Amino acid sequence: MTLLGTRVRRTEDPALLRGAGRYVGDLAPDDALHAVFVRSFLAHGSIESIDVSEALAMPGVVAVYTAADLELPAVPPPFPFFNADMTRTWLATDRVRYVGEPIALILAETPAAGADAAEAVFVDVEPLEAVVDPRAAATDELVVHEAAGTNTVFAQPCPDAEDFFAGCEVTATLSFRNQRMSGAPIEPRTSISSWGERDGRPHLTQWSCTQFPHTARDSIASACGVEQDDVRVITPEVGGGFGAKNGAYAEDIVVALAARAIGRPVAWVETRTESMLNLAHGRGQDFTATMGGTADGRITHYRLEILQDGGAYPATGSVLPMITGRMATGVYDIANLEVGFRSVITNTTPVGAYRGAGRPEAAHAIERMVDVFAAEVGADPAEVRRRNFVREDQFPYDTPAGMNMDTGRYEDALDAVLGVVDVDELRTEQARRRASGEPLLGLGWAAYVEVANPIGNGEFGSVEVRPDGSALVLTGSSAHGQGHHTTFAQVAADVLGIPFERIEVRHGDTGEVPRGGGTGGSRSLQTGGTAVHQAAELVVDRARELAAHLLEANVDDVVLDVDGGRFAVVGTPAVSVGWPEVATEAANGGEQLSGEIDFQPPGATFPFGVHASVVEVDPGTGEVTVVRHVACDDAGVLVNPMVVDGQVHGGVASGIAQALMEEFHYDPDGNPLTTNFLDYGIVSAAELPSFERIEQETPTPVNPLGVKGIGESGTIGSTPAVQNAVVDALAHLGVRHVDIPVTPQRVWRAMNEPGS
């Protein structure tokens, strides 16, 4: 009996719920020194001097390191098409460029001694004017990196043809924003570095809180000037990542270098404020969009201009507009597209990936514009969407931005949501409330498609069957809440016929797993799961050869009964051998019964869905309450619907949080105003309704499992649905738009100060 499609309970949860999970912060050796970073208190300034003498003399302090002490070089940006003059040293040298940038490192016997010493380091910084607004940065009146001569990291100008919309009967234009956010995982970053010797060469073991163990290993090895094999990165439990725990950060590298310099293990545990200031921020795009088409609601033209805030140093965030542009037309068959973007540097925390990384921004832009266009032509927004969907019979579909989308049933998803949302009843109630003075009611729609595994990464997987009949699965994917242990075991069990509970899944140790792509971009199951599937098939093939020898039969006549997990000759099932016998036969011959594969997908997959959100707006305060949220998310074949439900719920919560409250704020001088959970609007269950999820499965031909990604889908669909619902609630007041997050202040001003 197959386990695929079964709601198997997650095997990784009991230990976590009992508090028995092991995180990096739990693993510091007894002799480890504790690292504390000295950080910039200014957004922009020239470092005149760094005096560490008082700190060095304090009790419990063993060492203080600056960039000069560790001989840190200036390193170029991570992508060759970025402005190469925007360099960075892992500890600031001549300039500080954002509040929180690390300047020096304290090593002490206790965290408290290190924190006290950090206060005693005197950094003489001459203040410089900061640029915080990306629109101001784009003018280059104030340049953050002098050597670069500009704040532009890279750009793709919009064609901006004067006659682009000439044939359109209707056009609608809007400038709006997708605000800067913090990834804000429950577990802040942590690193432990311990150097030893192996094969006569220095060898580093680094426990790291990361989504990408092998990427972290490679970055740390490069920074330390050693071979990749001389670094072992171990990633135990990770308490959330959401894209922000992407590889190695400056602190991870400095901790490794400091441990080598001092000759003792070094442990660093980030504080919440450090996390808010240094963990990569997300989003941060400004849009100017124009949509054109016919008076009956057919969209024929779309122009999107994107301004990306990259923060102080070019990183992953600066490349996100490229992904946003590639997904610009969403689920719609729009023939004519113009996209332009510019990524700029500001005196703020560097921007990176955050749950969806460029795809939520694309969906937000076009879904907001479809509502604006629908209002312009006076049509129902759900029907305008239907009228412009790419049809099922058009797949595989080439978009005008150059994406080849695998499968889609967009109209079916819309119909599924309409089947449970009584629009006529909602509109009647909406009209009644507008007349009575009760809380206003709004209905918002969003239809989306995302690209899962947008870069086309492959993944490693291996399967070994032991002589006792159990199996070990190794994967290059690395879990931080997604349910890998459960779903990957289901995949292996389905091929091997070994009981699910006898399959162990391990990951996150580069000393055990030789290579891997890590987890991000909604790619784990479609690449890592497929690698496990194919590795298990290799094991079955070898096992049939061994079973043929034991059964004295031709290998072509030997089959595996997956339900029983036994091998037999076709037509004579009464005589059979099981996995223990076959694996023992392999061991007696001096081999492991195992197989490994590096699965390289032929392309990306394109999950999609439709969300509807119903909100109430308090006319006196502007407070928004989401009272109902319905989501139909199609991620292809569902290996474990319970795990998918959890992923969708988490994604929807994240997307609603962006719509309602989450935003990282700076003042005009670059001082951060949201450095902890008292100031930053972290969502809780109190702000969320019970989500209504509708299952829909459209298998993809891109991988043999037929699966697509799901971890980011809920986020992508929910944010614009909530925003559109708020605007719908206020439409009778002449309100055309409210930026996200739709805070009470913004909503109240929109209701009471037209044009604000």
State whether the residues of segment 418-434 include one that is part of a helix (DSSP H, G or I), modelled with pLDDT of 95 or more and of a type in the set (Ser, Thr, Tyr).
yes
Does segment 307-315 contain at least one residue that is more than 25 Å from Val75 (Cβ to Cβ) and at pLDDT 95 or above?
yes
Which residue pairs have Cβ atoms under 6 Å apart, sit 6 or more places apart or on different chains, and have a first residue in segment 623-645 that is closer than 13 Å to Gly444 by Cα and a second that is among the hydroxyl-bearing types (Ser, Thr, Tyr) and open to solvent by 10 Å² or more (accessible area, probe 1.4 Å)?
none
Hey, could you check segment 39-60 for residues that are part of a strand (DSSP E or B) and more than 38 Å from the chain's Cα centre (by Cα) and say which is farthest from Val266 (Cα to Cα)?
Glu48
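So that you can scan it fast, the table gives a plain yes or no per residue for (1) at negative phi; (2) open to solvent by less than 10 Å² (accessible area, probe 1.4 Å); (3) at pLDDT 95 or above; (4) within 24 Å of the chain's Cα centre (by Cα):
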site	(1), (2), (3), (4)
Val449	yes, yes, yes, yes
Asn457	yes, no, no, yes
Phe460	yes, yes, yes, yes
Arg466	yes, no, yes, no
Ala471	yes, yes, yes, no
Leu474	yes, no, yes, yes
Quick check on this structure: which one of Ala172, Ala138 is closer than 26 Å to Val96 by Cα and either open to solvent by 20 Å² or more (accessible area, probe 1.4 Å) or at pLDDT 95 or above (or both)?
Ala138
If I ask for residues that are among the polar types (S, T, N, Q) and either surrounded by 20 or more Cβ atoms within 10 Å (Cβ to Cβ) or touching a Phe, Trp or Tyr at 6+ places or on another chain (Cβ under 8 Å) (or both), which ones from segment 235-288 would you list?
Thr235, Asn246, Ser275, Asn278, Gln285
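Kindly provide the set of residues from segment 334-380 that are among the acidic types (Asp, Glu) and either open to solvent by less than 10 Å² (accessible area, probe 1.4 Å) or under 17 Å from Pro400 (Cβ atoms) (or both), ordered by number.
Of everything in segment 334-380, those that are among the acidic types (Asp, Glu) and either open to solvent by less than 10 Å² (accessible area, probe 1.4 Å) or under 17 Å from Pro400 (Cβ atoms) (or both) turn out to be Glu338, Glu361, Glu367.
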Considering residues of segment 141-158 that are touching a Gly at 6+ places or on another chain (Cβ under 7 Å), in contact (Cβ under 8 Å) with a residue 12 or more places away in the chain and not in a strand (DSSP E or B) only, the residue surrounded by the most Cβ atoms within 10 Å (Cβ to Cβ):
Cys158
Could you check segment 404-422 and list, in sequence order, the residues that are in contact with a strand residue (DSSP E or B) (Cβ under 7 Å, 6 or more places away or on another chain) and surrounded by fewer than 17 Cβ atoms within 10 Å (Cβ to Cβ)?
Asn404, Asp412, Val420
Please count how many residues of segment 31-73 are within 20 Å of Gly225 (Cβ to Cβ) and either surrounded by fewer than 14 Cβ atoms within 10 Å (Cβ to Cβ) or touching an Asp or Glu at 6+ places or on another chain (Cβ under 7 Å) (or both).
3
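The values are calculated or read from the model by the stated rules, or taken from the named source; none is laboratory data. Bear in mind that the values here come from a model prediction, so they are computed numbers and not experimental data. We place every Cβ from the backbone using ideal geometry, glycine too, and count neighbours over all the protein chains shown. Accessible surface is based on the protein model in full, side chains and every heavy atom, while ligands, DNA and RNA are left aside. Shrake-Rupley method; radii C 1.70, N 1.55, O 1.52, S 1.80 Å.
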